[in-house]
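Some notes on the structure that comes next.
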Amino acid sequence: MSIQQDPPRTWLTSLQDTIVKALEGVDGTPFCSDAWTRSEGGGGLSRYLEGGPVLERAAVLFSHVQGSQLPPSASARRPHLAGRPWQAMGVSLVIHPRNPFVPTVHMNVRCFVAKGSTATEPDVFWFGGGVDLTPYYPFEDDVRHFHRVCHDALQPFGADKYPAWKQACDEYFYLKHRGETRGVGGLFFDDLNEGGFDASFALTRAVGECFLPAYLPILERRKDTPYTEAHREFQAYRRGRYVEFNLVHDRGTLFGLQSGGRTESILLSMPPTASWKYNWQPEPGSQEATLYEYLQPREWV
């Protein structure tokens, strides 16, 4: 394909390595590595940790795959690209900490390229991704810190970027069947190609590189907070919402499964334990009830 793939691939593999090393430093446990290939083309490297003292499950995944026809989840909003050869590469991560006072976090940065329909038509590209925080027992200073880092990362690209991508995150990570957001938001963007390849790539790098400064201070600050089995039970209950979103609404999960991606890697985003309770409601005034005050769009910066 005519669009150069080397710069994004080099950056993505470096980003994966940087994040894994930082998380290993916090947990004290080395990540496992699992390289995989795909029959239609491409593959990836899954880096993961399970059962750590700090990180109950953490997955930092790189993939670079290609195919002969864009899957429905990628072409539904781009019907003119249906049937074209494509490539996709990205890093996706999910961290499910053991301590219920530490939020779950998700980050994804990706690049798609669809082949031009004729020898003279240029390839079509777009970037996408984002970063979002899902606390169980929220602390306002943590949430404000997370959003401040996201805001500052995008500020060099224009004052309009953070408000627009923050709103897109609130709207995307929303469980319609529950009437609540999945967490406290962050950034979300898709179909990014404005200003050309280099400008879009620079914006995507800003999102990926803001992850560690946005999340690591929260993880360090809360990982040793004392908790009870009741706190863990509420964490498992709220993790059920995470499962619901990923299986019902998430386009990335759908694309991975439709495109023949590696199922084990795709489903590493799920929490290691989750629970559901029929028609459960938190006790008014409890710590658990506080979370529901956060599950709606708010201005944090």
task: Please quote Rg/Rh for the range 187-249 to two decimal places, taking the Kirkwood radius as Rh and restricting both calculations to Cα atoms.
output: 1.16
message: Under the 0.36 nm per residue contour assumption, what length would be gained going from the current alpha-carbon distance of Glu209 and Trp36 to full extension?
response: 59.8 nm
Lysines whose Cα lies under 21 Å from that of Lys223, excluding same-chain neighbours fewer than 8 positions away: Lys21
field: Selection from Val102, Thr134, Ser259, by position along the positive dipole direction of the chain (Cβ)
entry: Ser259
Test item: Cα-centred dipole of the range 148-216, Lys/Arg +1 and Asp/Glu -1 on Cβ, debye: 300 debye
statement: For the chain, longest principal axis from Cα atoms; helix 229-248 axis from its Cα atoms; angle between them, nearest 10 degrees, is 20 degrees
message: Helix 140-154 against the longest principal axis of the chain: what's the angle in degrees, Cα atoms only, rounded to the nearest 10?
response: 20 degrees
Most positive-pole-ward Cα, Ala289, Leu49, Trp165, against dipole of the chain from beta carbon charges: Leu49
query: Where the only charges are on Cβ atoms (+1 Lys, Arg; -1 Asp, Glu), what is the dipole of the range 141-274 about its Cα centre, to the nearest 20 debye?
result: 360 debye
field: Value in Å of the Kirkwood radius, where the range 212-301 supplies the Cα pairs that are averaged
entry: 15.9 Å
message: With 28 Å as the cut-off, how large is the P(r) tail for the chain, expressed as percent of Cα-Cα pairs?
response: 37 percent
task: Express the relative contact order of the range 6-291 as a whole percentage, based on alpha carbon pairs under 8 Å and six or more residues apart in sequence.
output: 17 percent
query: In debye to the nearest 20, how big a dipole does the range 6-291 give about its Cα centre with +1 on each Lys and Arg Cβ and -1 on each Asp and Glu Cβ?
result: 420 debye
message: Can you sort Tyr237, Tyr136 from fewest to most other Cβ atoms within 10 Å of each residue's own Cβ?
response: Tyr237, Tyr136
- request: Apply 1/(1 + (r/R0)^6) to the Cβ-Cβ distance of Arg298 and Lys21, taking R0 = 30 Å, and write down the FRET efficiency to the nearest 0.05.
  value: 0.35
- line: For Lys21, Lys223, Lys115, Lys166, ascending order of other Cβ atoms within 10 Å (fewest first) is Lys21, Lys223, Lys115, Lys166
query: Can you list the aspartates and glutamates whose alpha carbon is less than 13 Å from that of Lys166, not counting same-chain residues fewer than 8 positions off?
result: Asp132, Asp152, Asp190, Glu299
statement: Proxy exposure order for Glu40, Glu229 (fewest C-beta within 10 Å first) is Glu229, Glu40
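FYI, it's all coordinate maths here, none of it is from the lab. Please read these numbers as outputs of a predicted model, since none were measured by experiment. All Cβ positions, glycine included, derive from the backbone under ideal geometry; neighbour counts span all protein chains shown.
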